[in-house]
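A short reminder: the numbers here are calculations on the coordinates, not readings from a lab. Here the structure is a predicted model, which is why all the values come from computation and not from measurement. In this analysis, Cβ positions are derived from the backbone assuming ideal geometry, glycine residues included, and neighbour counts consider all displayed protein chains.
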Amino acid sequence: MKGHGAHLAIDAVSHAYRRGGELAIAEVSLEIEPGESVALVGRSGCGKSTLLHIACGLMKPTRGQVLVDGARVTAPSPEWVMMFQAPSLYPWMTVAQNVGLGLRFAGRRRETPARVAEMLALVELEAFAQRNVQDLSGGQQQRVALARSLALEPEVLLLDEPFSALDAFTRHSLQRDVRRIAKARSITLVFVTHDINEAVTMADRAVVMAANPGRISEIVAIDVDGERAASSPSFGLARERLVAAYERTTGLEMGDAAGAGLSTRRAGTPSTQSGPAPASAIRTPGAANGAASGRMTP
Ligand SMILES: Nc1ncnc2c1ncn2[C@@H]1O[C@H](COP(=O)(O)OP(=O)(O)O)[C@@H](O)[C@H]1O
Ligand SMILES: [Mg+2]
């Protein structure tokens, strides 16, 4: 399998769902290096899903453009694959058939059996190849969906809260697997999450978005060494910096209990009336870890 992440450039993207209506996202610019992993975090309604749909060509932005390796994205493609919270598998098919489906649609029948076997090994489901997907747990089904996405050898993988329906243990192992696989194959990864530990486990940078209109508020580099164990000091530090950025952006105070998601303890000031000015025109060629990009936390 070729390893080949693409450079993703979101260039001054604004979007209104109704002509002349309010902007769901405004002037979002973000460059993501090949093979980099970026988390999008922010309160519900701040435009994360909108941005992801536009990034993979499922929606055309009202203004601005998205470029993959310099080429404008105008439609979905097997090169940039989106995965959603619900795995959307075909219940009457086996695991192997589901994994091979994208390849078949792409007219790549001959290589399907070998590729499917490789992908099932990658997500550790070899033993389940001939089982019906309905016999699998939620976590296993999400692994099948992941294998199906990866079978197409995407350059960019976009995940919209992919693990939020799973139990904590399953979620954690998938978070590690997805990062491991993306890094091993140099796939550019962009994912939306409500779970701050998920962002720290999987991302090289976390983009914190503000709402009304949706825009980039801060970008936090996630510099964690080695295994990214939640118990390591660098994990804790990155987590603290991300929490601080989130709180500055939303005006909300987060619970700081271990494993807490991006939920809030008490209501604070609305995000539109306080917090830092939007840093929406972030252009950072060469800043693979985001160390030089955007407003960094102190
Ligand atoms: N299909 C749609 N039609 C009209 N408005 C929408 C649609 N989808 C999302 N919105 C609006 O756009 C804004 C951003 O939504 P969304 O991207 O789903 O946010 P998030 O994923 O961060 O929760 C919200 O105000 C939402 O109500
Ligand atoms: Mg969403």
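Taking other Cβ within 10 Å of each residue's Cβ, how do Lys183, Lys60, Lys48 sort, fewest first? Intermediate results must be reported in sequence, preceding the final value.
Numbers: Lys183 16, Lys60 13, Lys48 26.
Ascending number of Cβ neighbours within 10 Å: Lys60, Lys183, Lys48.
Hey, got a sec? Which GluC sites (Glu not before Pro) in segment 97-162 land in a DSSP loop and have at most 16 other Cβ atoms within 10 Å? Intermediate values should be presented prior to the final figure.
Numbers: sites: Glu111, Glu118, Glu124, Glu126, Glu155; in loops: Glu111, Glu124, Glu155.
The qualifying sites are Glu111, Glu124.
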Just flag the chymotrypsin sites (Phe, Trp or Tyr not before Pro) in segment 45-103 sitting in loop per DSSP whose Cβ has no more than 11 other Cβ atoms within 10 Å. Trp92
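Note down the magnitude of the dipole of segment 1-115 about its Cα centre, charges +1 on Lys and Arg C-beta and -1 on Asp and Glu C-beta and zero elsewhere, to the nearest 20 debye.
Working: 13 positive and 9 negative charges, 116 e Å.
That gives segment 1-115 a dipole magnitude of about 560 debye.
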Debye, to nearest 20: dipole size of segment 150-209, +1 on Lys, Arg Cβ, -1 on Asp, Glu Cβ: 260
Put a dot 7 Å past each Cα toward the Cβ at Gln65 and Glu126; how far apart are the dots in nm? 4.6
Is segment 67-217 rounded, prolate or oblate when judged by the Cα gyration tensor, a ≥ b ≥ c being the square roots of its eigenvalues, rounded requiring a/c under 1.5 and prolate requiring a/b larger than b/c? oblate
Tell me the Kirkwood hydrodynamic radius of segment 11-110 in angstroms, computed as one over the mean inverse distance between distinct C-alpha pairs. 15.7
